[in-house]
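First comes the structure, then the notes that go with it.
Laboratory data are not the source of any read-out in this text; all were calculated from the coordinates shown. The structure displayed is predicted, hence computed values, not measured ones. All Cβ positions, even for glycine, are placed from backbone atoms using ideal geometry, and neighbour counts span all protein chains on display.
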Amino acid sequence: MNWGTVRTVLAKELKETLRDRRTMFMMLVIPTLLYPLMMVGVEQLTLFGRRQLGERPAVVAVRGADPATLAFFAADTALRLAPADSATVEAVRAGGVEAAVLFAPDGGGGASREARVLYEATDDRSQRASELAGARLEAWGDTLLARRLAGAGLPATFARPLVVADSSVASAEETGGYALGRFLPVLLILMTLLGTFYPAIDLAAGEKERGTLETLLTAPVPAREIVAGKFAAVAAIGMAAAVVNLASMLLTFQSGVFRFARESGLRFTLPLDSALLVLLGLVPLSVLFAALFLGIAVRSQSFKEAQNALTPVQLASTLPVFVVSLPGIEFNALLAAVPVAGLALMFRELMAGTATLVPTLVAFGATVLYAALALHFAARAFGREEVLFGSGSGETARGDWRGRLQAWRSSARGIPLPSEGMAFIAVVAVLYFHFGGRLQAALGETGLLLSQWGLLALPAVLFAVAGPYDARRTLGLRAPSGRTLLGALLVALGGMPVGWALGWLQLQYFELPQRLVEALLQLTTAPDASRLAWLLFLVAVTPAVCEELVFRGVFQGSLSRELPAWRAVAASALVFGLFHVSTETAIRLLPTAWIGVLMATVVWRARSVFASMVMHAVNNGLSVVIVSTPALGAWLLPEGSPNWALVAVAPLLIAAGFRLLPRHASAPDDGTAKA
């Protein structure tokens with residue numbers, strides 16, 4: 001590679017970026033001036049709001065209190081008593097009073113007396129009135145207690161045999177670093193992301209739209225040198241944006257302008273070594289975002305199209321960052337390997353001064369690996385002429401929805417486009433999530449049966465039949481040979497112990513909810529032969545048919561039309577794993593995705609969804625047999641851990657199974673008309 005050419009392209013792109021005043025404003029002016037001013041402004045508005053709430057007494061109505069209690073309330077200048085008859089729910093809702101205190105009748109004999117405070121939780125003034133009334137009630141209760149103790153001749157400390165006082169041993173700097181680590185990594189990574197977002201679009205899709213990319217690529221230099229220069233420019237811009245934001249935020253926090261920090265005894269500081277490590281971590285992060293966004297943006301034909309394509313990617317890259325604000329999330333080697341989230345946790349620990357060596361190295365190394373993969377992805381995109389100069393797959397239909405539907409149905413092709421397959425899986429996921437869960441909750445096992453056949457299998461068949469496709473090829477309904485089915489069976493038997501090992505490994509870090517355990521046991525326990533036959537149909541055969549038609553049939557088939565095999569396999573396996581994540585735990589994600597990888601690979605080799613149906617049925621059916629046969633379960637899963645001898649043999653079974661499959665997959669579908 002001629003690095004002189006790379007530097008020339010880099011200089012060209014940087015000069016054009018620096019000439020764009022809007023980009024410079026977004027990258028430099030906003031983070032340097034606007035964000036600090038906004039944060040100071042938010043604090044001032046908060047203080048102003050506090051003063052507004054406290055500028056007049058809170059209106060409180062008290063009913064059922066004796067004269068002494070009323071006098072105690074009236075002595076508080078922060079409260080203004082309203083007539084007792086206005087201490088009603090209606091008066092509080094209507095805003096006639098901001099809070100109401102209702103005393104229960106005095107039981108006498110020294111019994112405790114109940115007082116209830118009514119307030120409107122959606123009104124700030126009512127909440128403040130409730131807090132003031134509650135504090136007054138607590139003070140009055142202390143007064144009554146002191147009187148009772150004095151009347152009984154007991155000391156005032158008699159009712160408080162233990163007084164607890166807590167005091168943090170953390171210094172002001174440590175506490176400030178802890179607070180800083182809860183939000184500054186989020187801002188830092190978001191600014192790095194935004195710093196690469198628009199330059200990537202402009203340097204790829206923007207040049208396509210302006211017609212300058214083709215001219216640039218016709219220059220007598222290798223395309224990879226042009227790509228390297230563009231990539232370096234986007235990464236440098238993102239890095240600069242992140243550094244400017246980090247410096248601006250730290251200077252703002254360390255300036256001492258925040259009153260809240262002074263009142264809480266916080267000092268926001270970041271040691272030089274920690275700051276340097278944060279900056280070092282921003283390098284692969286900028287590379288990751290720059291390469292990922294460039295690789296996607298160059299596939300679009302206009303700035304707007306690229307923006308639409310990158311927005312979901314931007315959101316998906318943003319969500320993992322917020323893990324730093326969640327309580328109880330420890331920085332370990334497993335979480336450190338999660339894209340973006342691992343680096344965000346590393347930044348948090350560096351700012352708090354609690355970073356450990358191994359997770360830090362894992363987070364940095366994993367980000368470098370992801371950046372290298374993203375760079376490879378971008379380089380491949382720039383190396384394909386159909387990406388650089390093509391207009392995409394398919395044609396845009398015009399007219400009303402009837403015309404668009406008719407145009408779609410008449411555009412004959414063998415299997416769906418990847419975009420159509422992704423739209424289908426999105427619709428199925430929404431249907432199954434919102435309606436499948438309700439069916440299963442209301443009807444139990446019958447609901448599970450209905451949701452599988454009605455919300456998975458039926459939509460897949462209707463989609464294949466109603467669309468402009470060959471239904472048999474779309475669903476993967478190709479008869480496999482006996483050798484292929486035997487190979488699929490061996491792969492399934494070899495994959496199960498590995499899946500158990502993955503599940504066991506997750507249990508070392510995550511807790512399995514007892515409610516989920518009980519539900520799974522109930523669904524897989526068969527006390528007699530008739531129950532066993534029913535569960536095998538419900539748990540093994542039904543998902544094997546319904547889910548495979550969706551994931552290995554329509555979805556994987558559509559992806560295989562244009563994507564390399566490994567990407568189609570990985571995507572279908574990931575979506576399959578996510579489909580089995582419950583609202584209670586994500587512990588089924590890895591084992592299910594692993595089995596999904598094996599089934600998707602077998603389908604790619606065999607070109608038949610029946611092979612994965614056999615694997616799916618064997619995997620689920622054997623689970624029912626294991627749970628229903630305690631002796632077999634004790635041998636396969638002794639004391640909750642997998643039989644490690646089987647795990648060691650598993651790769652041999654998988655390899656033997658793949659040897660029985662067709663050595664070379666048949667030619668990918670060319671997307672021609674229906675057969």
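Structural remarks
- Between R483 and D123, the distance separating the two model label sites (each 7 Å from Cα on the Cα→Cβ line) works out to 8.1 nm.
- Distant-in-sequence amide H partners of A99 (H built 1.01 Å from N, under 5 Å): A61
- The stretch 102-199: C-alpha gyration tensor shape, a/c 1.5 cut-off, then a/b vs b/c: oblate
- Taken one residue at a time, the phi angles of the stretch 492-498 give Karplus couplings (6.51, -1.76, 1.60, θ = phi - 60°) of 5, 5, x, x, 5, x, 5 Hz. Gly and Pro are set to x.
- Over the chain, DSSP H runs of length four or greater, each weighted -39,500 (n - 2.57), average out per residue to a 222 nm ellipticity of -20000 deg cm²/dmol.
- Listed peptides 498-504, 514-520 by packing density, highest first (mean Cβ within 10 Å): 498-504, 514-520
- Across the stretch 545-561, coupling constants 3J(HN,Hα) worked out from phi with the 6.51/-1.76/1.60 Karplus curve, θ = phi - 60°, read 7, 5, 6, 5, 4, 7, 7, 8, x, 5, 5, 5, x, 5, 5, 5, 4 Hz, and Gly and Pro carry x.
- Spatial separation of Cα centroids for the stretch 306-356 and the stretch 134-205, in angstrom: 24 Å
- Seen against the Cα atoms of the chain and their longest principal axis, helix 124-151 is set at about 50 degrees.
- Karplus-based coupling profile of the stretch 436-452, in residue order and whole Hz: x, x, 5, 4, 5, 5, 7, 10, x, 5, 5, x, 5, 4, 5, 5, 5, with θ = phi - 60° in 6.51 cos²θ - 1.76 cosθ + 1.60 and x standing for Gly or Pro.
- Size of electric dipole in the chain: Cβ of Lys, Arg +1 and of Asp, Glu -1, about Cα centre, debye, nearest 20: 1580 debye
- The candidate values are (i) 95, 77, 58; (ii) 99, 58, 53; (iii) 73, 59, 54; the one derived from this structure for Cα extents along the principal axes in Å carries the label (i).
- Distance from the stretch 75-101 to the stretch 576-613 (C-alpha centre basis), Å: 60 Å
- Relative packing of 8-16, 637-645, which averages over residues the other C-beta atoms within 10 Å, highest first: 8-16, 637-645
- Cβ-defined net charge surrounding S628, 12 Å radius [Lys, Arg +1; Asp, Glu -1]: 0
- Cα-based Lys pair tally, the chain, threshold under 14 Å, eight or more apart or on separate chains: 4
- Two-site FRET efficiency, W453 against A519, from Cβ-Cβ distance with R₀ of 30 Å, rounded to 0.05: 0.90
- When each of the peptides 228-240, 63-75 is scored by how many other beta carbons lie within 10 Å of its residues on average, the order from highest to lowest is 228-240, 63-75.
- Degrees between helix 644-660 axis and first principal axis of the chain (Cα, 0 to 90, nearest 10): 40 degrees
- If you take all other residues with their beta carbon under 12 Å from the beta carbon of Q127, and give Lys and Arg +1 and Asp and Glu -1, the sum is -3.
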